[in-house]
Amino acid sequence: MKILITGATGNLGRATIDFLSEKTDVANISALVRNLDKADHLKAKGVQLRTGDYENPVSFIHSFDGIDVLLLISTSAMENRFEQHRNVIDAAKKSGVKHIVYTSVLKASADSTFGPGIDHYQTEQYLEGHHINYPIFRNAFYTEIVPMLMGDALQSGNWYYLAGKAKINFASRIDIAEALANVLANPAGHINKIYEIASDKSYTFSEIAAVASEVSGKEIVYIPIPLEAMKDGMRQSGMPEPVISLIASGADAIAKSELDITDNMLESILQRKPAGLQDSLLKLLTIAG
Ligand code: NAP
């Protein structure tokens, strides 16, 4: 069974390939990259490299030849997300790919407050309508982004964010990568499933601040702020508008409890407990601090 991973130069793709290479001969693994200069580590591992850019369907000629199972890692682009995913799905289907594993976001829907959630939902619908086997991984926000959400809170002690008293569920990107590798190695066991990939516990931001304080040894207080204040802060720091809009929509979705769901599917695919928030933050904030 030949498996191809897109987004292979990114964090999730790279980690998935690492786990997958423990489950199958590396000769069965290919990676799709848009920039070969970023793929030396993959080449060194023995992974077969193919090129392709989600934005450019012409670039996919031969990219998916002989591939049985595709991991389509969602784009990191700010716009045309659905169109990019559609380009990949169309080319894969044309080449006879049998299974597509797609990375979406928790509770993706046509009404998602989080901007990419709508594009993910459109992609999910497109996959469902295209008579190709899929499982969809609706990933929780990565625990790895918590230091980024905290801004300078580790230094200042004040964590300003729009979340009110809402809860959010995080999952470790490394755990998600391992779960993806398990599914890629056995796609027949996951046909046309939609998985909410989350941990078994959601947290308010005050609770996350308490865990962060404990593991970092620095007192961090969560201070809720309104949406407009959050946007103004990002504008003052010179962020481009599309990035502000992406981050603000994510924060608004959290505040509306749209990313609060607990689920045991990640645990079930891993056949062990996923990493807890405390253990993950201990590693992440020790590095960040
Ligand atoms: P990442 O490190 O930014 O990796 C994104 C990967 O997608 C990179 O390999 C990138 O290639 C590739 N890519 C982007 N646009 C492409 C295009 N037009 N054609 C071909 N490849 C393209 O992100 P990650 O941490 O691995 O996360 C994977 C995905 O999850 C992201 O792309 C995003 O959709 C989503 N995400 C989720 C969370 C979360 O908290 N759940 C957070 C951030 C992002 P290059 O190396 O050439 O740029």
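Bear in mind that the values in this text are calculations on the coordinates, not laboratory data. Computed from a predicted model, the values in this text were never measured in an experiment. So basically every Cβ, Gly included, is an ideal-geometry build from the backbone, and we count neighbours across all protein chains shown.
Structure summary
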| read-out | value |
| --- | --- |
| Within region 239-264, tally of residues that are in a loop (DSSP other than H, G, I, E, B) and among the small types (Gly, Ala, Ser) | 1 |
| Candidates Ile29, Ile17, Ile67, Ile3, filtered to the one that is under 17 Å from the mean Cα position of the chain (by Cα) and either of a type in the set (D, E, K, R) or more than 9 Å from the ligand (Cβ to nearest atom) (or both) | Ile17 |
| Top-ranked residue of region 203-242 - restricted to ones that are in contact (Cβ under 8 Å) with a residue 60 or more places away in the chain and farther than 24 Å from Ser257 by Cβ, ranked as nearest to the chain's Cα centre (by Cα) | Pro242 |
| Filtered residues of region 230-258 (kept if in contact with a strand residue (DSSP E or B) (Cβ under 8 Å, 6 or more places away or on another chain) and at negative phi) | Met230, Gly233, Gly250, Ala251, Ile254 |
| Any hit, region 203-217, residues being buried (at least 19 other Cβ atoms within 10 Å of the Cβ), touching a Pro at 6+ places or on another chain (Cβ under 6 Å) and not acidic (Asp, Glu) | no |
| Any hit, region 132-145, residues being touching a Phe, Trp or Tyr at 6+ places or on another chain (Cβ under 9 Å) and more than 21 Å from Gly250 (Cβ to Cβ) | yes |
| Subset of region 26-37 [of a type outside the set (Ser, Thr, Tyr) and closer than 18 Å to Ser74 by Cα] | Ala31, Leu32, Val33, Arg34, Asn35 |
| Pair list, Cβ under 9 Å, 6 or more apart: region 132-157 residue closer than 13 Å to Asn192 by Cα and away from the ligand (no atom under 14 Å from the Cβ), other residue part of a helix (DSSP H, G or I) and among the basic types (Lys, Arg) | Ile132/Lys93 |
| Some residue of region 49-56 being within 13 Å of the ligand (Cβ to nearest atom), farther than 25 Å from Ala179 by Cβ and touching a residue at least 24 places away in the same chain (Cβ under 8 Å) | yes |
| Residue within region 77-95 that is under 21 Å from Val243 (Cβ atoms), in contact (Cβ under 8 Å) with a residue 60 or more places away in the chain and not β-branched (Val, Ile, Thr) present | yes |
| Single residue of region 32-46 satisfying the filter (within 22 Å of Ile89 (Cα to Cα) and surrounded by 15 or more Cβ atoms within 10 Å (Cβ to Cβ)) that is nearest to the ligand (Cβ to nearest atom) | Arg34 |
| Residue in region 47-101 that is surrounded by the most Cβ atoms within 10 Å (Cβ to Cβ), counting only those that are aromatic (Phe, Trp, Tyr) and outside any loop (DSSP other than H, G, I, E, B) | Phe60 |
| Cross-chain or 6+ apart pairs with Cβ under 8 Å, region 1-23 first and farther than 20 Å from Asp37 by Cα and part of a helix (DSSP H, G or I), then more than 13 Å from the ligand (Cβ to nearest atom) and among the β-branched types (Val, Ile, Thr) | Leu20/Ile3; Leu20/Ile29 |
| Where Thr123 falls short, out of the listed (1) surrounded by fewer than 19 Cβ atoms within 10 Å (Cβ to Cβ); (2) of a type in the set (S, T, N, Q); (3) within 11 Å of the ligand (Cβ to nearest atom) | (1) |
